[in-house]
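The values are calculated or read from the model by the stated rules, or taken from the named source; none is laboratory data. Because the structure is a prediction, the values reported are computed rather than measured. Note that we place each Cβ from the backbone using ideal geometry, even for glycine, and neighbour counts take in every protein chain shown. Just so you know, the surface numbers come from the protein's heavy atoms only, side chains and all, with ligands and any DNA or RNA stripped out. Shrake-Rupley method; radii C 1.70, N 1.55, O 1.52, S 1.80 Å.
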Amino acid sequence: MSSSAAAETILLYFVLPVWLLAGFADYLCHRASRIELTSGYKESLLHLLMLAEIAVPLLAVMFFEVNALIIATMIACFVLHQLTALWDTTFASHRRSVTPVEQHVHSFLELMPLTAMLIVIALNWPQFLSLWGLGPEAARFDLVLKQDPLPWQFVAAFLAASTLFEALPFLEEFIRGLRSRKRT
């Protein structure tokens, strides 16, 4: 197995699953802390925003050829995600107890996107360099579907898991917060 194939395997079958598990663990921490009664739907909106900030580059990398545009999008969304995570933690810490377990889960939710981004950059190093006017290639800023797409079974399983363990739970958290707000 080549180094590139090994890096892609690590990304697809270790980094992304651990990231999904950490996201679901975070949801469980929120549920255990009864988030709907403390920081409520407002914090849940921040969680949905962070989910969107990560979904954009993740879906782009899954379906499009990685070039300077995709890498720039990844970097921008990662920075936005980090700023939103800081906003979220600051907001939550004044309204509810953020346990050590939840704080530890957050460390995974910050490191897994960084790890994924670094692997994608390493796999597409010439286009990363081109963003800065370096390297042998010209920066490409077009959206082109992958010539060699990821296995459809992986894509289907990942999208299903993301829906079941990320999107739906955090939507449920948001709805729970709205319902609690209406009752008070």
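For Phe24, the solvent-accessible surface with a 1.4 Å probe is about 60 Å², rounded to the nearest 10. If you take the square roots of the eigenvalues of the alpha-carbon gyration tensor of region 1-117 and sort them as a ≥ b ≥ c, do you get rounded (a/c under 1.5), prolate (a/b over b/c) or oblate? Prolate. Comparing mean-square fluctuations of Ser44, Ser162, Ser130 from a GNM of the chain with C-alpha springs under 10 Å, the top value falls on Ser130.
Normalised by 2.2 N^0.38 Å, with N the number of residues, the alpha-carbon radius of gyration of region 35-184 equals 1.22.
For Phe64, the residues 5 or more places off, or on other chains, whose built amide H falls under 5 Å of its own are Lys146.
If I take R0 = 41 Å and measure r between the Cβ atoms of Gln147 and Arg183 in this structure, what FRET efficiency does the formula 1/(1 + (r/R0)^6) give, to the nearest 0.05? Efficiency, rounded to the nearest 0.05: 0.15. Of the residues Asp142, Asp88, Asp26, the one that moves most in a GNM of the chain with alpha-carbon contacts below 10 Å is Asp142. The figure for Ser4 is an accessible area of roughly 70 square angstrom, using a 1.4 Å probe on the protein chains alone.
Among His104, His94, the sequence by solvent-accessible area, most first, with a 1.4 Å probe is His94, His104. Label-to-label distance, Ile75 versus Ala160, with points set 7 angstrom from Cα along the beta-carbon direction: 3.7 nm. In order along region 59-72, the phi-based Karplus estimate (6.51 cos²θ - 1.76 cosθ + 1.60, θ = phi - 60°) of 3J(HN,Hα) comes to 5, 4, 5, 5, 10, 10, 4, 7, 9, 4, 4, 5, 5, 4 Hz; Gly and Pro are listed as x.
As an exercise, use a Förster radius of 25 Å and the Cβ-Cβ distance of Ser3 and Trp132 to find the FRET efficiency, rounded to the nearest 0.05. Approximately 0.60, to the nearest 0.05. Comparing Glu137, Glu65, Glu173 in a Gaussian network model of the chain, where Cα atoms under 10 Å apart are tied by springs, the biggest mean-square fluctuation is seen for Glu137. At a Förster radius of 22 Å, what calculated FRET efficiency corresponds to the Cβ-Cβ distance of Phe91 and Leu48, to the nearest 0.05? Once the sixth-power term is evaluated, E becomes 0.95.
So what is the relative contact order for region 51-184, in percent, with contacts set as C-alpha pairs under 8 Å and at least six apart? Computed over region 51-184, the figure is 36 percent. Computed over Cα pairs, the Kirkwood radius of region 6-55 leads via Stokes-Einstein (1.306 mPa s, 10 °C) to a diffusion coefficient of 129 µm² per second. Here the simple spin-label model places points 7 Å from the Cα toward Cβ, and for Leu28 and Ile119 these points are separated by 2.2 nm.
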